[in-house]
Amino acid sequence: MRWKWKEVLKPLPLRIEKETKVQEAIRLFNEEHGDIAFVFHGGKELVGYVTPSTLFRQLEHASSFDEPIQFEKDVLFVRETSWVEFWHNCHLVVGVNAQDEIVGYVTVDEAKRTVSQLQLALLNHSMDSAEIGIVTTNEKFEVNFMNETAEQILGLSRSILVSRNYKTMVATEENLDEILAGERKFGVECSFNFKKIMGHFSPIYHEGRIQGLVHVFYLQQLLEEAVSELQFVRELSEELQAIYAASNEQIMVIEPSGVIMSVAGAFLQSFWKGLSKESLIGQNVNDLAQQGRLEPNIVDFCVEEKQRVSLAQHNRYNSKILSTATPVYKKGALQKIIVLSQDVTADEPVERRFLGEDHPPVVHKKMVYRSMVMTQLVEEMKQVAAVDSTVIITGESGVGKEVIASHIHAYSDRSTQPFVTINCGAIPENLLESELFGHEKGSFTSANDQKKGLFEAAHGGTIFLDEISEIPLHMQVKLLRVLQEREVVRIGGLTPIPVNVRVLAATNRNLKKMVQEQTFREDLFYRLHVVPLAIPPLRKRKDDIAPLSLYFLKEFNATYQKEKKLSREGLHLLESYQWPGNIRELQNVMERLVVTSKKEEISGNDVFRAIWDTDGEEAGHITVKGIIPLKEAVEEMEHQLIQLAVGKYGTAAKAASVLGVSASTISRRMKKTSM
């Protein structure tokens with residue numbers, strides 16, 4: 001369950017001005033009996049806070065009570081309707097409403113306590129709603145907790161029962177001392193205050209030691225006669241599994257011998273391919289590994305290394321999961337292994353490589369994805385590939401536009417013919433026309449021989465015009481004629497040369513806006529804009545980050561002859577990053593992690609340093625890769641810098657200090673970009 005800031009915020013107490021003297025601040029604290037005061041500038045802008053401790057520290061070095069107060073600035077502004085999250089090195093949180101008005105505050109420690117209390121209250125409510133009585137004791141059988149349902153069933157309040165000996169109050173034929181020796185007793189009939197109850201007793205462990213017992217029970221008269229002891233256990237197990245399933249992770253409990261004891265949580269049905277959860281229980285993971293259903297055997301690694309192990313596992317169907325195995329010891333002996341698994345299977349269309357009579361094989365980069373938006377895009381891509389319509393592929397830099405283009409060609413009837421690509425922004429303007437359309441001998445000074453253009457080279461196949469927006473206006477006319485007439489005229493030539501090509505184009509700019517600004521021809525725009533395919537940025541398809549990360553990890557392990565593994569913490573950090581450079585940036589980061597991480601397992605700290613730790617001997621410089629309106633460029637750069645600084649330093653105050661602005665400016669910009 002997640003909570004919003006408005007559920008934990010408190011009203012703002014004492015307010016004082018930035019120019020307030022120390023003596024006046026002490027007087028106000030005495031009058032209000034408060035422990036914190038918020039400091040404002042001009043009565044409107046909150047700039048910090050002061051506490052009695054802050055004043056005492058100042059007085060140690062102050063020469064006069066008439067000095068202006070010194071105040072703390074580590075304040076993080078959040079929108080009251082946003083989810084509660086905690087940052088490092090942040091002490092105080094201030095909430096604002098949709099009108100940017102301050103509505104309350106809370107310290108991080110208070111917020112954590114409040115969230116814990118809310119979660120405990122929710123857990124108690126859930127247990128009470130299930131009509132399950134719960135009583136826990138210490139190792140002396142003294143009651144230390146009971147829920148409301150237990151009070152109702154037993155007919156006594158917790159204030160009466162707490163600290164009393166539960167063993168002497170519960171009439172049962174079972175020896176409860178055996179529970180403290182590690183035994184569990186199911187379906188135990190008891191009598192308490194002349195009421196018949198049925199339930200089970202289990203020991204409570206803390207750091208490997210038994211520190212008491214828990215009694216979970218029903219009022220017997222509420223149970224139907226047909227409900228057996230095993231049915232009770234099964235129903236309770238189902239309730240717990242419903243809680244586990246909310247984590248979207250599969251939980252397996254495995255004996256040291258490899259036998260699967262239980263499977264809970266979100267059962268990964270697509271990975272097990274026909275095996276049910278029930279059929280897995282009792283099987284040995286060693287046998288599953290030999291059958292190609294679960295490789296490598298993470299239990300063997302965990303038992304051998306005697307510590308937690310994270311690695312990617314796969315089956316013979318090429319489905320993948322990221323698993324973490326944790327050993328559980330009792331009195332120094334291995335009792336079980338808990339394996340948490342997350343499905344990271346990627347949908348990878350079959351790579352199609354064809355050998356034509358006169359052409360080398362077309363080799364494509366793999367498409368790795370599992371998000372619904374990319375699944376739909378690939379289906380649309382396959383439909384488009386079956387026809388010869390012109391396609392314009394749009395998306396930010398690094399999203400994989402060329403990969404999509406190559407797969408359109410591979411799935412088309414032209415797949416055995418050439419696939420020619422050209423980056424229109426990477427070739428000088430004076431050479432671009434010759435590259436596209438070719439030239440005749442002597443057509444200009446250096447033209448000693450005639451040359452085929454790329455349109456001629458792509459005859460019968462596909463030409464991919466990347467960065468189409470960078471073609472100069474005077475050449476757009478000639479390109480339009482080629483698209484309309486399906487023929488080219490070389491530079492210095494007179495005879496039209498027929499060409500049979502399919503045209504794919506791509507851009508990371510807004511062509512429609514360029515048409516309005518008269519920097520791109522409207523007739524060419526509509527000739528290209530027959531079938532548009534928009535590739536979403538990686539930050540809008542988070543489900544693709546895990547399979548892409550593991551794919552790049554595998555590739556770079558092979559390239560550099562490494563055997564690096566990615567930890568769950570590292571993967572979660574990768575999934576939380578915004579990836580402004582999209583897949584290309586993720587690929588670079590994974591290569592950096594494989595090359596620079598010192599241990600076999602890539603930790604969360606390794607990932608954090610690779611993404612956010614950009615300190616160097618010189619300040620960073622901005623690289624401009626395209627032309628956009630200056631106002632948009634400034635807003636985008638502000639957004640990226642603030643995001644990077646807050647991600648690295650944890651608080652708005654520290655980020656503001658590094659960026660040379662006020663904390664309130666940071667908060668306003670963050671709120672603006674999150675709306």
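The values are calculated or read from the model by the stated rules, or taken from the named source; none is laboratory data. Since the structure is predicted, the reported quantities are computational estimates derived from the model, not experimental observations. FYI the Cβ positions are ideal-geometry reconstructions off the backbone, even for glycines, and counts take in every protein chain you see.
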> Which one of these does residue 105 not meet: (1) assigned to a strand (DSSP E or B); (2) surrounded by fewer than 12 Cβ atoms within 10 Å (Cβ to Cβ); (3) among the hydroxyl-bearing types (Ser, Thr, Tyr)?
Replying inline: (2)
>> Residue under question is residue 566, and the condition is that it be modelled with pLDDT of 90 or more, on the phi < 0 side of the Ramachandran plot and buried (at least 20 other Cβ atoms within 10 Å of the Cβ); does it hold?
In response: no
>> Looking at 399, 482 in this structure, which one is more than 30 Å from residue 542 (Cβ to Cβ) and either crowded, with 18+ Cβ neighbours inside 10 Å or in contact (Cβ under 8 Å) with a residue 60 or more places away in the chain (or both)?
In response: 482
>> I need the full set of residues from region 1-36 which are touching a residue at least 12 places away in the same chain (Cβ under 8 Å) and within 17 Å of residue 67 (Cα to Cα), in order please.
In response: 16, 17, 18, 19, 20, 21, 22, 23, 25, 26, 28, 29
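Given the structure, is residue 123 within 28 Å of the chain's Cα centre (by Cα) and either on the phi > 0 side of the Ramachandran plot or outside the structural domain of residue 37 (by TED's automatic domain parsing) (or both)?
Working: within 28 Å of the chain's Cα centre (by Cα): yes; either on the phi > 0 side of the Ramachandran plot or outside the structural domain of residue 37 (by TED's automatic domain parsing) (or both): yes.
Yes, satisfied.
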>> Looking only at residues that are acidic (Asp, Glu) and part of a helix (DSSP H, G or I) in region 559-583, which one is farthest from residue 310 (Cα to Cα)?
In response: 575
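State which residue is modelled with the lowest pLDDT when the search covers only region 55-110 and only residues that are among the hydroxyl-bearing types (Ser, Thr, Tyr) and farther than 20 Å from residue 16 by Cα.
Let us first name the residues in region 55-110 that are among the hydroxyl-bearing types (Ser, Thr, Tyr), namely 63-64, 81-82, 105, 107.
Checking which are farther than 20 Å from residue 16 by Cα leaves us with 63, 81-82.
Numbers: 63: 75, 81: 89, 82: 89.
Out of the qualifying residues, it is 63.
Give, as residue ranges, the strands (runs of 3 or more DSSP E) completely inside region 459-558 that count at least 1 residues that are of a type in the set (Ser, Thr, Tyr).
Numbers: elements: 462-466, 502-507, 531-534.
Of the strands (runs of 3 or more DSSP E) lying wholly inside region 459-558, those with at least 1 residues that are of a type in the set (Ser, Thr, Tyr) span 462-466, 502-507.
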> Is there a residue in region 249-265 that is hydroxyl-bearing (Ser, Thr, Tyr), in a helix (DSSP H, G or I) and either more than 26 Å from residue 302 (Cα to Cα) or modelled with pLDDT of 80 or more (or both)?
Replying inline: no
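Would you mind finding the one in 452, 478, 513 that is among the charged types (D, E, K, R), under 21 Å from residue 419 (Cα atoms) and in the same structural domain as residue 410 (by TED's automatic domain parsing)?
Values: 478 fails: under 21 Å from residue 419 (Cα atoms); 513 fails: under 21 Å from residue 419 (Cα atoms).
Just one listed residue meets the conditions, 452.
For region 406-439, what are the residues that are of a type outside the set (Gly, Ala, Ser) and part of a helix (DSSP H, G or I)?
So the first thing to find is which residues in region 406-439 are of a type outside the set (Gly, Ala, Ser), and the list is 407-409, 411, 413-414, 416-424, 427-433, 435-437, 439.
Selection gives 407, 408, 409, 429, 430, 431, 432, 433, 435, 436, 437.
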>> Need pairs with beta-carbon distance below 7 Å; first residue among the polar types (S, T, N, Q) and within region 323-335, second surrounded by 14 or more Cβ atoms within 10 Å (Cβ to Cβ) and not in a strand (DSSP E or B); sequence gap 6+ or separate chains.
In response: 323/298; 324/308; 324/568; 326/308
